[in-house]
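Taking it in order: structure first as structure tokens, then the write-up.
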Amino acid sequence: MDIVLENFKRLPLSTILAARHYGFENISAPKNAPVEKKLCMAIVREDNMEVLEFLNAGVNIDFRDEPDGWTPLIYSIYYGNRKA
């Protein structure tokens, strides 16, 4: 089951953790989203192989997501993906 969320960070961390626990690990950005947003969603769902692919492809790691200006690093800290 794919869950596509436009503004994912507005959900509480407990909601994200519950979604992971019950098998919703296919959380993704919309198909037409910029590749930087897809990097952020890969960080959230802890798909670190995909994160590495994005980084190797040269995705801008200084990207600031709207509306709050979150960077991929902030996503990794907030959602507890230490490897990212």
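Every read-out reported here was derived from the displayed coordinates using simple, explicitly stated rules and does not represent laboratory data. Keep in mind that this is a model prediction, so the values were computed, not measured.
Quick notes
- Interchain or long-range residues, amide H under 5 Å from Asp65's placed H: Trp70, Thr71
- Phi to ³J(HN,Hα) by Karplus 6.51 cos²θ - 1.76 cosθ + 1.60 over segment 48-55, Hz, x for Gly, Pro: 6, 5, 5, 4, 4, 4, 4, 5
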